[in-house]
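These notes concern the structure reproduced below.
The values are calculated or read from the model by the stated rules, or taken from the named source; none is laboratory data. Nothing here was measured: the structure is a model prediction, and the numbers come from that model. Reconstructed Cβ throughout: ideal geometry from the backbone, glycine too, with neighbour counts over all protein chains shown. Accessible surface areas use protein heavy atoms only, side chains included; no ligands, DNA or RNA. Shrake-Rupley method; radii C 1.70, N 1.55, O 1.52, S 1.80 Å.
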Amino acid sequence: MMIPLISICIPSYNRPKELQRLLLSVDVSKVDSIEIIVCEDMSPDRLAIREVCERFKKESAYKLRYFENFSNLGYDANLRELISKAEGEYVMFMGDDDEFVEGALDKYIEFLLSHLDSGYILRSYQNIYKNGSKEVFRYYPKDQSFIPGKATYVELFDKSVFISGFCVKTKLARFYETNYLDGSLLYQLYLLAEICLSH
């Protein structure tokens, strides 16, 4: 059995319709290059979220693993729970109200395969507003690499606040695991700091 390159990790709470939209937006040419993990965090809509995931598993070629937390862990601890369950070389977080841009995952995988020494990957993304307008956020005109250190951490900090597409090497995320920031909603920024300072 092939180890997936990316574990798409989705912390889920109370948004079954949005989660379904996200799952349906996953489009990868090599199906076995990804796995999808959903950790439902004891929300009032748990049954609806479970149904969305079970239906997706039956109707999709993608591997989806669905977990229900026994108590509400909160955002930061649920991210750690997802990391602990990931089998991929990288974890990519997606909010349960996000969606993938068509064709973007294949490009992302192509990039990753030629940069497997990277600990953290900063991605471009697009906001779609309620009025239908779109805004693309691409921070640099072309792909580039950064050397580990404080300057890299400072450079990438404010570009890494959103969880959508936040991608780190799984083994590093596990190495730096801590519950110190629980309740802060900043766990991904902590991972960014530790990984960019040293890797």
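Could you check, for segment 70-79, whether at least one of its residues is within 23 Å of LYS169 (Cβ to Cβ), of a type in the set (D, E, K, R) and without any contact (Cβ under 8 Å) to a residue 60 or more places away in the chain? No, every residue in segment 70-79 fails to be within 23 Å of LYS169 (Cβ to Cβ), of a type in the set (D, E, K, R) and without any contact (Cβ under 8 Å) to a residue 60 or more places away in the chain.
The single condition from (1) on the phi < 0 side of the Ramachandran plot; (2) at pLDDT 95 or above that GLY149 fails is (1). Any residue at all in segment 101-123 that is touching a Gly at 6+ places or on another chain (Cβ under 7 Å), assigned to a strand (DSSP E or B) and open to solvent by less than 50 Å² (accessible area, probe 1.4 Å)? Looking through segment 101-123, none of the residues is touching a Gly at 6+ places or on another chain (Cβ under 7 Å), assigned to a strand (DSSP E or B) and open to solvent by less than 50 Å² (accessible area, probe 1.4 Å).
Of the listed requirements (1) touching a residue at least 24 places away in the same chain (Cβ under 8 Å); (2) outside any helix (DSSP H, G or I); (3) within 18 Å of PHE166 (Cβ to Cβ); (4) open to solvent by 10 Å² or more (accessible area, probe 1.4 Å), SER29 misses just one: (3). Scanning segment 130-162 for residues that are part of a loop (DSSP other than H, G, I, E, B), within 26 Å of SER114 (Cβ to Cβ) and β-branched (Val, Ile, Thr) yields a single hit, ILE147.
Restricted to segment 32-79, and to residues there that are open to solvent by less than 20 Å² (accessible area, probe 1.4 Å) and acidic (Asp, Glu), the residue that is nearest to TYR108 (Cα to Cα) is GLU35. For segment 45-100, the tally of residues that are in a loop (DSSP other than H, G, I, E, B), over 14 Å from ILE8 (Cβ atoms), modelled with pLDDT of 95 or more and not hydrophobic (A, V, I, L, M, F, W, C) stands at 5. In the set (1) assigned to a loop (DSSP other than H, G, I, E, B); (2) in contact with a strand residue (DSSP E or B) (Cβ under 8 Å, 6 or more places away or on another chain), the condition left unmet by CYS167 is number (1).
Every condition in (1) of a type in the set (Gly, Ala, Ser); (2) over 26 Å from ILE3 (Cβ atoms); (3) without any contact (Cβ under 8 Å) to a residue 40 or more places away in the chain holds for SER145 except the one numbered (2).
A residue that is open to solvent by 20 Å² or more (accessible area, probe 1.4 Å) and closer than 27 Å to ARG15 by Cα occurs nowhere in segment 138-153. ARG174 meets each of the listed conditions (1) over 15 Å from LEU82 (Cβ atoms); (2) assigned to a helix (DSSP H, G or I); (3) among the basic types (Lys, Arg) apart from (1).
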